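Peer 1: First the structure, then my questions, so here it is.
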């Protein structure tokens, strides 16, 4: 540290001296003045002399007025400190929702087109009973807001301060109550006749599906918290065998664009060319996506074995497919209807799609790779693939 | 002459560097006339032919870039203040903030990653600081910006920017890392370069007023105060709960960064700086601080920034960053052009104390060598490490392992997953592995 400070001071001075032709005496003085560091014995530390005006900044800033505090102090705590009085019904909330919220979140709060779904029908009566959302244990489930949130105050506070997305802080207090009531209804916490108010919101807290799902038993809050890992700094012959657990598949190499254009080109370690592949795939994806969105407005028909779109979608939801795919139109990946259309005339469509689901792929629909799905049982992959392949059979 | 002694420099496979940047610019602007076009074509063919026969490239006598004086050695340069606010060289345009596909559907709630693969030292150029916004960024008129302190205080206060910049100031170097840095890597190797694996990380010198100065000025209740709520002035009015101990220790209300005002994307004109704590708590566009006796359970403390454990419980209020490091060069997506010497360089950081040591392995963790730490080594700041390596052309796996002043050793992926599973999204501080193949290509892998 001391060395570093000196070096900086010297550098600055030296360049000045070179330019001005002065003698070198000031360098030594400056060096002596800069050695205020107690890790070098024998060198006097330079302490600032106490200022007679220290701390005398009482005239800086001013008292906040009551009206100012009221205007800005909008936070609502879990104990509802800060919650303004008011009320709103599910029905009123539905009206606000359809006008101002559904374009991003979907009519039922289940869209993932723009944001992670708020509700997806995977919070159960049992969860409301226990206060622990069972579906959080299932890695395949999309984690919705109502699965995660433990405090209803958070929802009121957030809708009030930050929503709607493109017009935050525009809802009245009663509208916030109403929108929250509508969401609570979508999450099966209240019925359609319900009216939420400052007087009954505490009762809702007692029904929040994941109210008991948070823990503060970890070491990452306090500066001296206890770590939960305990690696040891072994230096030689540490592991007998080094196994590659995972690597990026070839087909995903260009997913982040041309790496050669993301590195400094004249160094010993320039970037790998991944350009053309990724760009071409991107162009294809853009046009394919548009076409498929335009034509993919019909759901695949039931498969021969009687699997309906509903059961297929349930299966897709169970394995997390719906995080990236929906029935119609492109999300992260193509819509199921578009996939069915594309392979309608292909004899081995079911086998091909099963392989794609299992092993992933990239470039057919765009540059965003589809990850491999090793955890889905063969029979379910086959069922999904057959359902997709049979989309045109009706 | 003895041509084996001629060292014309590294020969690049692609001919596109033949055109100097001025010409490329002119071509892009459509300002090349036909004579010039013809000249370029002929020169291009000549250069391509030269590449096919590298030994002839420099006419036998040496490097053409030495033998033939370049244009910049034979011209009058640009005047002062040509760019009143300086810009990087046009040759550095590859190193910019980038998004990663598929992360977010809207760029107002997205991430732009910092190009760690091309950066030096421990300070991030302000224009390359990573971006993470929850509802877009705003450019606030500082003359109209106010900071309010209320809650458990004797004297609720309002400060203008002028007030804050009159108060006693401090400048400190700290790292800021998003809690979700490396989040895509929890389950498997997912993204190709260090920009995407670790690029929600920046190091800056911050200038501002210590939070303790402001809280004392407002007369905060020292007995009851346990938590602080920080709130932004933007549309999202982001709120986060801060531990009062962190607030009184080394947190500050910062207006300056790297010698100038904060950039708008990073909170201009005022942001909270909470050294060692994840970036989401460094509330940007800061407008209000409320002293309280209970945590606030804000949106980003309940539905996001909670760490899901294997038993289905979510860890709430995870804040501190434990020790972490990564090799930035050579790193994923790069290619070693030839065998021989490389300076392996990277960054280490910890939210607890300072970095004490960094070890580097080139064989996937079997054997480790202690790297040189560049000074200064500062608490809760990025620390640059370097180590010499001679690549023998064989396969290698490069790793770095940070040890901080508490004795904590950065964990392996296996250790981290044993403790937390692979679904916790946040606070991934596992050892990163870069696999070097015999072709010299470097790739992101996970090892066990």
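Peer 1: Name every residue in segment B:238-255 that is over 15 Å from residue B:203 (Cβ atoms) and not in a helix (DSSP H, G or I), in order of residue number.
Peer 2: B:238, B:239, B:240, B:241, B:242, B:243, B:250, B:251, B:252, B:253, B:255
Peer 1: Select from segment B:143-174 the residues that are more than 7 Å from every other protein chain (Cβ to nearest Cβ) and part of a strand (DSSP E or B) and list them in ascending order.
Peer 2: B:146, B:147, B:149, B:151, B:153, B:160, B:170, B:171, B:172, B:173, B:174
Peer 1: For residue A:58, indicate whether it is in a loop (DSSP other than H, G, I, E, B) and at positive phi.
Peer 2: The answer is no for residue A:58.
Peer 1: Answer yes if at least one residue in segment B:355-367 is farther than 22 Å from residue A:252 by Cα, in a loop (DSSP other than H, G, I, E, B) and more than 10 Å from every other protein chain (Cβ to nearest Cβ), and no otherwise.
Peer 2: Looking for residues that are farther than 22 Å from residue A:252 by Cα, in a loop (DSSP other than H, G, I, E, B) and more than 10 Å from every other protein chain (Cβ to nearest Cβ), one finds at least one in segment B:355-367, hence yes.
Peer 1: Okay, next question. If I ask for residues that are assigned to a strand (DSSP E or B), within 23 Å of residue B:380 (Cβ to Cβ) and in contact (Cβ under 8 Å) with a residue 60 or more places away in the chain, which ones from segment B:195-229 would you list?
Peer 2: B:201, B:202, B:203, B:204, B:205, B:206, B:208, B:227, B:228, B:229 - these are the residues of segment B:195-229 that are assigned to a strand (DSSP E or B), within 23 Å of residue B:380 (Cβ to Cβ) and in contact (Cβ under 8 Å) with a residue 60 or more places away in the chain.
Peer 1: Can you tell me which residues in segment B:375-390 are surrounded by fewer than 17 Cβ atoms within 10 Å (Cβ to Cβ) and in contact with a helix residue (DSSP H, G or I) (Cβ under 7 Å, 6 or more places away or on another chain)?
Peer 2: B:375
Peer 1: Scanning for something within 20 Å of residue A:268 (Cβ to Cβ), at the interface with chain A (Cβ under 8 Å from one of its Cβ atoms) and surrounded by fewer than 24 Cβ atoms within 10 Å (Cβ to Cβ), does segment B:398-418 turn up at least one residue?
Peer 2: Looking through segment B:398-418, none of the residues is within 20 Å of residue A:268 (Cβ to Cβ), at the interface with chain A (Cβ under 8 Å from one of its Cβ atoms) and surrounded by fewer than 24 Cβ atoms within 10 Å (Cβ to Cβ).
Peer 1: So which residues in segment A:227-258 are exposed (fewer than 14 other Cβ atoms within 10 Å of the Cβ) and within 27 Å of the chain's Cα centre (by Cα)?
Peer 2: If the condition is that a residue be exposed (fewer than 14 other Cβ atoms within 10 Å of the Cβ) and within 27 Å of the chain's Cα centre (by Cα), then A:250 is the only one that fits.
Peer 1: Could you check segment B:431-441 and list, in sequence order, the residues that are touching a strand residue (DSSP E or B) at 6+ places or on another chain (Cβ under 9 Å) and either more than 9 Å from chain A (Cβ to nearest Cβ) or more than 26 Å from residue B:381 (Cβ to Cβ) (or both)?
Peer 2: B:432, B:434, B:435, B:436, B:437, B:439, B:440, B:441, listed by residue number.
Peer 1: Please verify whether residue B:339 is within 8 Å of chain A (Cβ to nearest Cβ), surrounded by fewer than 24 Cβ atoms within 10 Å (Cβ to Cβ) and at pLDDT 95 or above, treating the condition exactly as stated.
Peer 2: Against the criterion (within 8 Å of chain A (Cβ to nearest Cβ), surrounded by fewer than 24 Cβ atoms within 10 Å (Cβ to Cβ) and at pLDDT 95 or above), residue B:339 does not qualify.
Peer 1: OK, next. Restricted to segment B:71-103, and to residues that are part of a helix (DSSP H, G or I) and over 24 Å from residue B:197 (Cβ atoms), which residue is nearest to the other protein chains (Cβ to nearest Cβ)?
Peer 2: My answer is B:91.
Peer 1: Looking at the structure I just gave you, is residue B:184 farther than 30 Å from residue A:165 by Cβ, in contact (Cβ under 8 Å) with a residue 24 or more places away in the chain and assigned to a helix (DSSP H, G or I)?
Peer 2: Criteria not met by residue B:184.
Peer 1: If you don't mind, another one. Can you pull out the residues in segment A:270-283 that are crowded, with 18+ Cβ neighbours inside 10 Å and either modelled with pLDDT of 95 or more or in contact with a helix residue (DSSP H, G or I) (Cβ under 8 Å, 6 or more places away or on another chain) (or both)?
Peer 2: A:270, A:271, A:272, A:274
The rows are residues; the columns are (1) free of Cβ contacts under 8 Å to residues at least 24 places away in the same chain; (2) over 16 Å from residue B:176 (Cβ atoms); (3) within 8 Å of chain A (Cβ to nearest Cβ).
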| position | (1), (2), (3) |
| --- | --- |
| B:266 | no, no, no |
| B:269 | no, yes, no |
| B:272 | no, no, no |
| B:275 | no, no, no |
| B:278 | no, no, no |
| B:283 | no, no, no |
| B:287 | no, yes, yes |
| B:291 | no, yes, no |
| B:297 | no, yes, yes |
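Peer 1: Right, another one. Could you check, for segment B:309-328, whether at least one of its residues is assigned to a strand (DSSP E or B), in contact with a helix residue (DSSP H, G or I) (Cβ under 8 Å, 6 or more places away or on another chain) and facing chain A (nearest Cβ under 7 Å)?
Peer 2: For segment B:309-328, residues assigned to a strand (DSSP E or B), in contact with a helix residue (DSSP H, G or I) (Cβ under 8 Å, 6 or more places away or on another chain) and facing chain A (nearest Cβ under 7 Å): present.
Peer 1: Out of curiosity, is residue B:88 at pLDDT 95 or above, farther than 20 Å from residue B:255 by Cβ and either surrounded by fewer than 11 Cβ atoms within 10 Å (Cβ to Cβ) or in contact with a strand residue (DSSP E or B) (Cβ under 7 Å, 6 or more places away or on another chain) (or both)?
Peer 2: No; evaluated as a whole, the condition is false for this residue.
Peer 1: Now for a separate question. Do we have any residue at all in segment B:126-133 that's at pLDDT 95 or above and part of a strand (DSSP E or B)?
Peer 2: yes
Peer 1: For segment A:66-85, what are the residues that are more than 8 Å from every other protein chain (Cβ to nearest Cβ) and either in contact with a strand residue (DSSP E or B) (Cβ under 7 Å, 6 or more places away or on another chain) or farther than 17 Å from residue A:152 by Cβ (or both)?
Peer 2: Passing the criteria: A:66, A:67, A:70, A:71.
Peer 1: Restricting attention to segment A:223-249, which residues are more than 7 Å from chain B (Cβ to nearest Cβ) and in contact with a strand residue (DSSP E or B) (Cβ under 9 Å, 6 or more places away or on another chain)?
Peer 2: Passing the criteria: A:230, A:249.
Peer 1: Follow-up. How many residues are more than 20 Å from residue A:151 (Cβ to Cβ), within 8 Å of chain B (Cβ to nearest Cβ) and either modelled with pLDDT of 95 or more or not in a helix (DSSP H, G or I) (or both) when one looks only at segment A:125-141?
Peer 2: The number of residues fulfilling the criteria is 1.
Peer 1: What number of residues in segment A:188-212 are surrounded by fewer than 24 Cβ atoms within 10 Å (Cβ to Cβ), part of a loop (DSSP other than H, G, I, E, B) and within 14 Å of chain B (Cβ to nearest Cβ)?
Peer 2: 2
Peer 1: Is it the case that residue B:310 is buried (at least 24 other Cβ atoms within 10 Å of the Cβ) and either without any contact (Cβ under 8 Å) to a residue 12 or more places away in the chain or more than 20 Å from residue B:215 (Cβ to Cβ) (or both)?
Peer 2: So residue B:310 fails the test.
Peer 1: Scan (1) free of Cβ contacts under 8 Å to residues at least 12 places away in the same chain; (2) surrounded by 15 or more Cβ atoms within 10 Å (Cβ to Cβ); (3) closer than 22 Å to residue A:110 by Cβ for the single condition residue A:166 breaks and write down its number.
Peer 2: Exception for residue A:166: condition (2).
Peer 1: Something else: Going by the conditions given, is residue B:428 at pLDDT 95 or above, in a loop (DSSP other than H, G, I, E, B), farther than 28 Å from residue B:171 by Cβ and within 9 Å of chain A (Cβ to nearest Cβ)?
Peer 2: no
Peer 1: Separate question: Across segment B:104-119, what is the total count of residues that are buried (at least 17 other Cβ atoms within 10 Å of the Cβ), part of a loop (DSSP other than H, G, I, E, B) and either without any contact (Cβ under 8 Å) to a residue 24 or more places away in the chain or more than 8 Å from chain A (Cβ to nearest Cβ) (or both)?
Peer 2: Number of matching residues: 2.
Peer 1: Name every residue in segment A:96-109 that is in contact (Cβ under 8 Å) with a residue 60 or more places away in the chain and closer than 19 Å to residue A:146 by Cα, in order of residue number.
Peer 2: A:97, A:101, A:104, A:108, A:109
The values are calculated or read from the model by the stated rules, or taken from the named source; none is laboratory data. Please read these numbers as outputs of a predicted model, since none were measured by experiment. Note: ideal-geometry Cβ built from the backbone for every residue, glycine included; neighbour counts use all protein chains shown.
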